[in-house]
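Student: Input: one structure, supplied below.
The values are calculated or read from the model by the stated rules, or taken from the named source; none is laboratory data. Quick caveat, the model's predicted, so the values are computed rather than measured. FYI the Cβ positions are ideal-geometry reconstructions off the backbone, even for glycines, and counts take in every protein chain you see.
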Amino acid sequence: MEISAMEGQTSPFEIDVRLEAEEVDSLAAGAWKRMARILKCDESRVRQRTEELLTAREIQKFLEETIMARASETALEKTAPLFMGAPELESNSPLREQESFSFHARVYPVPSMDIDCEAPIVRRRPKTAKDGARRTSSLSDRVLVQETLRARVNGTIPDRLLRKALALKKEQFQQYLADKGLTYREYRIAHRVKPQEVEDELYDEAFDELSTDIALDLVFIKQGLSVDQDKIDATLTELAPGKEKELLEELTATGKTWMLYQKARRDVALDWAVEHLLQR
């Protein structure tokens, strides 16, 4: 594997990756093995079975995406700073098995913003209402700390990161409609909202989620925290209780373990903040 990266990059961080034919074939074999699991067929018949179900272009896309995703994880781990979200991958030429292959990878590092990691986070004392009842915050410790940290981020979120987060949120919304069997119009009628209100809600959700992720990533970096195997195991259990091994195999086979590590590092940051900043 040859990796080329420009010196002095900030954001985005971009690399070019070239794989030798042997590396392509090794990664392709892994992709075909996963396809056999998906189709529940013998590995000796997977190519034939796939050709019966998918077009040549769909097969090509499946192999390209899988090989680029898996190779990029190795390449980015060696070269890139901590980044947010999914890598953007683009092939430089059509993939052909038993031939070399090159592609371009782009990621967006955690932005250089400021956050207060020193001031205590104090839970307000419960207020007494006129009827004598005591009102307490309904937020859990972790949610309270997370919301407070998000409000402490100082700086401007890069526009590219925000656009990417909004695009992802819109994809998730379209998937929600598909899962519910709803059209966009039916959704708006059911919720009595105008198109602009839907757009505004999606933007607000994307902004809040992105700024929360940035806050936790900044804490992780500024406090010099790390993710150990116990935290990885705990994260797998949280995501797929009882099926941790299967989830890890799938994330590894699809080149998406970055999802696991990003969630784990933010959990580590939140654990630290709850322990060191929260005053109960």
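Student: Collect the residues in region 135-165 that are under 18 Å from V107 (Cα atoms) and outside any helix (DSSP H, G or I), keeping them in residue-number order.
Tutor: I157, P158
A quick yes/no check of all residues on (1) part of a helix (DSSP H, G or I); (2) small (G, A, S); (3) within 14 Å of M84 (Cβ to Cβ):
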residue	(1), (2), (3)
A167	yes, yes, yes
Q174	yes, no, no
E186	yes, no, no
E197	yes, no, no
S211	yes, yes, yes
D217	yes, no, yes
L225	no, no, no
I232	yes, no, no
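Student: Quick one: would you say R49 is assigned to a helix (DSSP H, G or I) and touching a Cys at 6+ places or on another chain (Cβ under 7 Å)?
Tutor: yes
Student: Just a yes or no: is a residue in region 38-45 modelled with pLDDT under 95, at negative phi and under 25 Å from the mean Cα position of the chain (by Cα)?
Tutor: There is at least one residue in region 38-45 that is modelled with pLDDT under 95, at negative phi and under 25 Å from the mean Cα position of the chain (by Cα).
Student: Looking at R134, R142, can you tell me which residue is farther than 25 Å from K263 by Cα, modelled with pLDDT under 95 and not polar (S, T, N, Q)?
Tutor: R134
Student: Just checking, how many residues over region 257-278 are under 16 Å from the mean Cα position of the chain (by Cα) and surrounded by fewer than 16 Cβ atoms within 10 Å (Cβ to Cβ)?
Tutor: Qualifying residue count for the region: 1.
Student: Another question, if that's okay. I'd like to verify a number: residues in region 49-59 that are over 19 Å from R96 (Cβ atoms) and either surrounded by 11 or more Cβ atoms within 10 Å (Cβ to Cβ) or hydrophobic (A, V, I, L, M, F, W, C) (or both), how many?
Tutor: Summing the residues that are over 19 Å from R96 (Cβ atoms) and either surrounded by 11 or more Cβ atoms within 10 Å (Cβ to Cβ) or hydrophobic (A, V, I, L, M, F, W, C) (or both) in region 49-59 gives 2.
Student: Moving on. Conditions: (1) over 17 Å from H104 (Cβ atoms); (2) out of contact with any helix residue (DSSP H, G or I) (no Cβ under 9 Å at 6 or more places or on another chain); (3) not in a helix (DSSP H, G or I). R18 meets all but one. Number of the miss?
Tutor: (1)
Conditions (1) more than 28 Å from A119 (Cα to Cα); (2) among the polar types (S, T, N, Q); (3) not assigned by TED's automatic domain parsing to the domain that holds I67, marked per residue:
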site: P158; (1), (2), (3): no, no, yes
site: G181; (1), (2), (3): yes, no, yes
site: L202; (1), (2), (3): yes, no, yes
site: L210; (1), (2), (3): no, no, yes
site: V219; (1), (2), (3): no, no, yes
site: Q223; (1), (2), (3): no, yes, yes
site: S226; (1), (2), (3): no, yes, yes
site: E244; (1), (2), (3): yes, no, yes
site: G255; (1), (2), (3): yes, no, yes
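Student: Report yes if some residue within region 112-125 is under 30 Å from V274 (Cα atoms), crowded, with 18+ Cβ neighbours inside 10 Å, touching a Ser or Thr at 6+ places or on another chain (Cβ under 8 Å) and modelled with pLDDT of 90 or more; otherwise report no.
Tutor: Yes: region 112-125 contains one or more residues that are under 30 Å from V274 (Cα atoms), crowded, with 18+ Cβ neighbours inside 10 Å, touching a Ser or Thr at 6+ places or on another chain (Cβ under 8 Å) and modelled with pLDDT of 90 or more.
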